Amino acid sequence: MFVIATAGHVDHGKSTLVHRLTGMWPDRLAEERRRGLTIDLGFAWTEIDGHRLAFVDVPGHERFVPTMLAGVGPVPAVMFVVAATEGWMPQSDEHLAALDALRVRHVLVVISKADLADPAPAIEQVRARLAHAPVALGTDLDQVRAQLRALTRRLPQPDRDGDVRLWVDRCFTVRGAGTVVTGTLSAGTIRVGDELEHAGRRVTVRGLQSLGRDVDEAGAVARVAVNLRGVDRRHIARGDTVRTPDAWLDTAEIDVALRSADALHRQLVLHLGSAAVPVRVRPLGTAGARLRLARPLPLRVGDVGLLRDPGEHRIAAGIEVLDVRPPGLRRRGAARARGAELATGRVRPPECAPATQLRATGLPATGHRVGEWVVDPQWWAGRRELAVTTVQRWAIEHDIAAGMPLEALRQRVGLPAAELVSELLDGTGLEVADGLVRPPGAVLPARVDKAVRTVAEWLAAEPFRAPEADELAELKLGSRELAAAVRAGRLTRVADGVVLGPDAFTRAAAILATLPQPFTVSDARRALGTTRRVAVPLLERLDALRITRRDADGARMTL
């Protein structure tokens, strides 16, 4: 299917032309028929050479330009109507400015009422403004149909596998069916039974029509009527969207490039898709601006729209969305730098972002994949180098610490998520354990090393006579120093404040194996030449290591 909108000055015969081409009168409302004036969107369709064409007929009066923009916004091609009796008119100019702002490049001009006046002057006026657009006379329907068919051949192929974002242009209730919305599906495919999203809530496609017929699925580009389960008619309106769940980011602040900008002021209306949203405009240089929207919209990088001044009935600027998650501008010179970046027409993608976020914002997922994240390779390499130097510096400044906390390292390095830290450290040689990271083979500082050597000399003479608390205090070996010595493999922790040599468990097992089995704590104490302060926790550790086994009566035996 091909979807084509109409455009042109009021009373130039847009609806009449659609009726003659399709046999269907697009004006639906009784008031439209009574006044002979299109005031809302109308829809009709036909078939030309086996190809289905759907028309979105829009009003031409200046009071209804927002409605016209709602119809044209999601449509790739336009049939622009100019009456031979009046020629190019003021509303023709505004419609053309809107098409230019929305980058609608596929246009067919039809000169209507050519049987009532010489069409040559109107054609000349059209050529001055739309030099490359084909022109047909409305009195020759065969010529119009041929040009429409040629127009469709020039249209780009839609992405039927893309994410759905259906801009709603009509919504109503059907007795026995419930809420129905209509719109132009410009990308993706909708199927009966699909789960979609509206305003953060899931809705289900209960039924689907295209060009008045029930269908099981409809792929872009298509005019569709979607019967939805899960949303009340009162809670959905023109300018809303029905879309693929979790694939779009609602945003109320965007940075845009400006095209054909007229004099901007702070209060304008953004027209994009079928939405019309008041915005506050902050110019950033001459070619860019930051827009704060009165309500969030599901936008992506590359979306095009226009800013309109409703008070003066003029198009203020065409816009292209460059960033839907713009950075803050609080630091000195940030606004100037941002303006220069926007002037290039391209905003640098984030150095590190989840792939789902890139998809939702319309940015390409190019870079190095780290799990669910996409990172810039140079940035990633720089973070890795910084992580190594940061941990090394930490180890020097905290010479007896167990290691640098992973969260502290994440913050110092500037990673957005804790899950990235282990991936960043992979291959660096840094050791990670219990939420801490440290350099490999950490050595003891000189003051601790000297004290531990003294303890080692004592234990060499009496392997199971653990130093007393006052002896450790005199050597200035507190709990942190002892823990560092244990991590370095210089001592073995038996209990709080009780340390032995690095081979204490092996030596104890060899001695206990020579005792008559089973043996008591007293037997073990005497064999090891130590006290109960050491023997009891030592045996408990040996039990845990399955070197010894304690029976119900308290006696033990080696395994």
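The values are calculated or read from the model by the stated rules, or taken from the named source; none is laboratory data. Keep in mind that what you see is a predicted model, and the values were worked out from it rather than measured. A quick note on method: Cβ atoms are made from the backbone with ideal geometry, for glycine too, and the neighbour counts reach across all protein chains shown. Ligands, DNA and RNA are excluded from the accessible area calculation, which covers all protein heavy atoms including side chains. Shrake-Rupley method; radii C 1.70, N 1.55, O 1.52, S 1.80 Å.
With every protein chain kept in place and ligands, DNA and RNA left out, what is the accessible area per residue of the chain? Probe 1.4 Å, answer in Å². Walk me through the numbers on the way to the answer.
Working: 26640 Å² over 559 residues.
Heavy-atom accessible area per residue stands at 48 Å².
What is region 349-442's relative contact order, in percent, from Cα pairs under 8 angstrom and six or more apart in sequence?
Numbers: 99 pairs, mean separation 22.2, N = 94.
It comes to 24 percent, rounded to a whole number.
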Longest principal axis of the chain (C-alpha) makes with the long axis of helix 446-461 (C-alpha) an angle, in degrees to the nearest 10, of 40 degrees
In range of the label at R447: residues from region 381-421 whose backbone nitrogen is under 15 Å from the point 7 Å along Cα→Cβ: 396-401
Correct option for Rg/Rh (Cα atoms, Kirkwood Rh) [calculated from the coordinates] among [x] 1.28; [y] 0.97; [z] 1.00: [x]
Debye equation applied to the C-alpha atoms of region 310-459, log10 I(q)/I(0) at 0.11, 0.15 Å⁻¹: -0.63, -0.92
What figure in square angstrom, to the nearest 10, would you give for the accessible area of T184 with a 1.4 Å probe? 0 Å²
Of P283, L515, G318, farthest towards positive along the dipole that unit charges on Lys, Arg, Asp, Glu beta carbons give the chain: L515
Please arrange H106, H313 by accessible surface area, largest first, computed with a 1.4 Å probe and ligands excluded. H313, H106
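Over the alpha-carbon set of region 249-348, divide Rg by the Kirkwood Rh and report the Rg/Rh ratio to two decimals.
Values: Rg = 12.4 Å, Rh = 13.3 Å.
Expressed as Rg/Rh, it is 0.93.
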Please compute the length gained on full extension between H398 and L329, using 0.36 nm multiplied by the number of residues separating them and subtracting their Cα-Cα distance. 21.1 nm
What is the extension gain from Q411 to Q125, computed as 0.36 nm multiplied by their sequence separation minus the C-alpha to C-alpha distance, in nm to one decimal? 96.6 nm
Rounded to the nearest 10 Å², what accessible area does F2 have for a 1.4 Å probe in the complete protein model? 50 Å²
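What full-extension length gain, to one decimal in nm, is calculated for R259 and L436 as 0.36 nm per residue of separation minus the Cα-Cα distance? Don't jump to the answer; show the numbers that get you there.
Working: separation 177, 0.36 × 177 = 63.72 nm, distance 5.24 nm.
Gain in length upon complete extension: 58.5 nm.
For the chain, which whole percent of the accessible surface, found with a 1.4 angstrom probe, sits on carbon and sulfur atoms?
With neighbouring chains kept in place, the figure for the chain is 49 percent.
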How large is ³J(HN,Hα) for each residue in region 233-243, as worked out from phi by the Karplus curve 6.51 cos²θ - 1.76 cosθ + 1.60 (θ = phi - 60°), to whole Hz, x for Gly and Pro? 3, 6, 10, 9, 8, 3, x, 7, 10, 10, 8
Residues whose placed amide H lies under 5 Å from that of G178, excluding near-sequence neighbours: none
Amide H partners (placed H, <5 Å) of A199, local residues excluded: T241
In debye to the nearest 20, the charge dipole size for region 407-559, taken about the Cα centre with +1 at each Lys and Arg Cβ and -1 at each Asp and Glu Cβ, equals 300 debye
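Counting other Cβ atoms within 10 Å, keep those with at most 13, restrict to DSSP loop, and tell me which trypsin sites (Lys or Arg not before Pro) in region 98-130 are left. Walk me through the intermediate numbers first.
Numbers: sites: R103, R105, K113, R127, R129; in loops: R103, R105, K113.
Of the trypsin sites (Lys or Arg not before Pro), the ones in loops of region 98-130 whose Cβ has at most 13 other Cβ atoms within 10 Å are R103.
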For region 428-438, just list the computed ³J(HN,Hα) in residue order, Karplus coefficients 6.51, -1.76 and 1.60, θ = phi - 60°, integers in Hz, with x standing in for Gly and Pro. 8, x, 5, 9, 10, 7, 6, x, 10, 10, 8
Taking a probe of 1.4 angstrom, what is the accessible area of S422 in Å², to the nearest 10? 80 Å²
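Please label the shape of region 40-129 as rounded, prolate or oblate, based on the square roots a ≥ b ≥ c of the eigenvalues of the alpha-carbon gyration tensor (a/c under 1.5 means rounded; beyond that, a/b larger than b/c means prolate, else oblate). Could the numbers behind the result be given before it?
Working: a/c = 1.63, a/b = 1.20, b/c = 1.36.
Oblate.
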Once the other residues with Cβ under 14 Å from the Cβ of K476 are scored (Lys, Arg +1; Asp, Glu -1), what is the net sum? -2
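Once you have a ≥ b ≥ c as the square roots of the Cα gyration tensor eigenvalues for region 165-243, tell me rounded if a/c is under 1.5, and otherwise prolate or oblate according to whether a/b is larger than b/c. Before the final figure, lay out the partial values.
On the way: a/c = 1.37, a/b = 1.18, b/c = 1.15.
Rounded shape, in that the Cα axes give a/c under 1.5.
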At 7 Å along Cα-to-Cβ for each site, give me the label-to-label distance between A473 and T531 in nm. 1.4 nm
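Report relative contact order for region 2-154 in percent, whole number only (criteria: Cα-Cα under 8 Å, sequence separation at least 6).
24 percent
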Spelling out what I want: for every residue of region 324-329, take phi, set θ = phi - 60°, compute 6.51 cos²θ - 1.76 cosθ + 1.60 (Karplus), and round to whole Hz; glycine and proline get x. 9, 9, x, x, x, 10
If I model a spin label at H368 and T204 as a point 7 Å from the Cα along the Cα→Cβ vector, what separation in nanometres do I get? 4.6 nm
In nm², the average projected area of the convex hull spanned by the Cα atoms of region 446-558 is 6.7 nm²
How about region 153-183: which trypsin sites (Lys or Arg not before Pro) there lie in a loop by DSSP and see at most 16 other Cβ atoms within 10 Å? R160, R175
Using Cα pairs closer than 8 Å and at least 6 residues apart in sequence, work out the relative contact order for the chain, in percent. 8 percent
Compute the distance in nm between two label points, each set 7 Å from the Cα along the Cα-to-Cβ direction, one at R233 and one at A117. 4.2 nm
Is region 2-154 rounded, prolate or oblate when judged by the Cα gyration tensor, a ≥ b ≥ c being the square roots of its eigenvalues, rounded requiring a/c under 1.5 and prolate requiring a/b larger than b/c? rounded
